[in-house]
Each structure stands twice: as C-alpha cells, then as structure tokens.
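*Asks:* Handing you this structure, nothing more for now.
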C-alpha cells in the first residue's frame, strides 16, 4: 500500500483522548437517496456509497495512488495553475486503462486542438464519452501526457481496456498520467473531482465535504486528518486537505455533494478532522469505511 503523505498543514495540538464519532447515516446508492442524504448532512456526518462509477486508470503493474501534493483544485500554494484533475506518478510505458465502458471521441496530440485550457497542453491525450450520466448528460474521462496511444477515435472500449501508456508529453513535469473527469460537456470548464468518481482501492474510502461561513459562503482552509486508535489521536497526520483554490482556473463542484474539499484513498478507520480558522480550532470525528464516501460539513465563524 502506498504511503499517504502529509503536506503543507501545520500540526495542531491534540487531546490525548477524544469522544466517540457522531452516528453515521448510511444510504443506498441511488441518486435520489444521495441528494436527500447530502441535504441532511448540514449538521451531521454521513457515510454514503458515492458515485464511484469508474475504476482505477492505472494497471496493476503501476502506482495506483494519485499524488496528494497536487490534488484536484490545488495550486500547490500558488506555484502552479489550478489543477483540473489528479496525477498518477509512474514510469514511462505503464499501461493506462479505460475507467468505464464508452466511446473514444479523441485520441491524438492536442498540439492543434484545445483539449485543455490552452492547445498543446496535454500532449498525447485520449478522451472517452460514457453513458452512465444519463441519456441527456454524458460523462467524460480524459487521459493525458501519454507516451503512446493504443485506441482510435470512434472505438468502443470496455472497462479495463488499455488506451495508452504513461508518458511525459505536452507540458508534463516528469512521467505521470494526468486524469480528468468532465460532466455534461467535453471542455476544461466542465471538470469535476475524479476522486468522487473513481472507486477507492481496497480497504480505502473518501473524505469530502464543505467548509463554509455562517452565511453559507465557501471559505478556504486546511484540514488535518489524524487517525484515532483506541480513543488516542495519532500526533502525525495521515494527510492534510486544502480546500479548492479556484482563483485562476475555476474548478467544478459535484452536482450532489457541492463540495469544496476532498481526499481519496484514506485507509478505513476513525479520524479527527480539524482546522484552525480565525484562531479558533474546529474539529469533528469521522469514520472512513471501505469503498464508501464520508461527507462532512464545517461551518466556521
């Protein structure tokens, strides 16, 4: 299992013991139930089935864990453009797989085509249209910086079909797969967080939610996520989560969750999720379950 790194966030002082988690709400994997559950989660913590209609785009021979230092919506502290996808660092030539059944609608270099926010950005890129969004709402998956492409436009592919190999074409910094999910329209303004669509690895779950002020407006912050074992908080964070930074290139919110932070592949267990806002500490205790999505809302003053 890959190590989940801690980035950026300062370590908060923690109590040695913590209360039991708030009771979770589990709902069946239907859109209606998901919407109702998300609406009820303004004051409680919910565990849901999530979308998770896609499978991992990296074969079993490669690194299947996305880079948590440059998550969706991140700018790495203002050093880079707002990230519209996630990155899987891998050696060149590692197979890249279709995440779901669909039709290949682009399979070429983007040197003369605007697939990203500018032309000649992704290098060799494949885009697949999927039908699980409904007959009037397509979903798209995008695989960029490929060293080779093994499918062609118009081809129908099944989940797990090899579509290319990892590379460093376009504007890539080192060899990796840049992976995106787009909703409704195949353009760079229609992106959504892939972590909310790709099934977590075995034994892992996803934490997502909203950080707002008391007026319901999204605000920015950094969360520490610390594992709890037998009531004791681990002083070393499992990871940290920064809210989406969308000042330069806007990122999309899921139509159900309307989240402004998310982190995937968190090992199942109990966690303290906390942040400091206006010199005040806010914290909640959450459970992360295998293959599930944990949704939590923070309201700060």
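The values are calculated or read from the model by the stated rules, or taken from the named source; none is laboratory data. This is a predicted model, so every value here is computed, not measured. Every residue, glycine as well, gets a Cβ built from its backbone with ideal geometry; the counts of neighbours run over all protein chains shown.
*Asks:* Taking the options 144, 138, name whichever one is within 21 Å of the chain's Cα centre (by Cα), surrounded by fewer than 22 Cβ atoms within 10 Å (Cβ to Cβ) and without any contact (Cβ under 8 Å) to a residue 60 or more places away in the chain.
*Replies:* 138
*Asks:* Here is a check on your reading of the model: is residue 115 part of a strand (DSSP E or B) and in contact with a strand residue (DSSP E or B) (Cβ under 8 Å, 6 or more places away or on another chain)?
*Replies:* In short, no.
*Asks:* A follow-up question, please. Tell me which residues, restricted to segment 166-185, are surrounded by fewer than 19 Cβ atoms within 10 Å (Cβ to Cβ), assigned to a loop (DSSP other than H, G, I, E, B) and at pLDDT below 95.
*Replies:* Once the filter is applied, which keeps residues that are surrounded by fewer than 19 Cβ atoms within 10 Å (Cβ to Cβ), assigned to a loop (DSSP other than H, G, I, E, B) and at pLDDT below 95, segment 166-185 yields 171, 173, 174, 184, 185.
*Asks:* Something else now. What residue, among those in segment 109-128 that are surrounded by fewer than 17 Cβ atoms within 10 Å (Cβ to Cβ) and at negative phi, is modelled with the lowest pLDDT?
*Replies:* 117
*Asks:* So, one more: Out of segment 252-281, which residues are more than 15 Å from the chain's Cα centre (by Cα) and more than 23 Å from residue 69 (Cα to Cα)?
*Replies:* Residues satisfying the conditions are 278, 279, 280, 281.
Yes/no per residue for (1) outside the structural domain of residue 120 (by TED's automatic domain parsing); (2) within 16 Å of the chain's Cα centre (by Cα); (3) within 21 Å of residue 51 (Cβ to Cβ):
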| residue | (1), (2), (3) |
| --- | --- |
| 161 | no, no, yes |
| 178 | no, yes, yes |
| 186 | no, no, yes |
| 210 | yes, yes, yes |
| 221 | yes, no, no |
| 238 | yes, no, no |
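*Asks:* Select from segment 107-135 the residues that are closer than 21 Å to residue 172 by Cβ and under 23 Å from the mean Cα position of the chain (by Cα) and list them in ascending order.
*Replies:* Passing the criteria: 115, 116, 117, 118, 121, 122, 123, 124, 125, 126, 127, 128.
*Asks:* Test of understanding: among 281, 296, 288, which residue is crowded, with 18+ Cβ neighbours inside 10 Å and either modelled with pLDDT of 95 or more or in the same structural domain as residue 192 (by TED's automatic domain parsing) (or both)?
*Replies:* None of the others qualify; the one that does is 288.
*Asks:* Hey, any hits in segment 155-165 for a residue that's modelled with pLDDT of 95 or more, under 16 Å from residue 111 (Cα atoms) and either out of contact with any strand residue (DSSP E or B) (no Cβ under 9 Å at 6 or more places or on another chain) or assigned to a strand (DSSP E or B) (or both)?
*Replies:* No, that holds for no residue.
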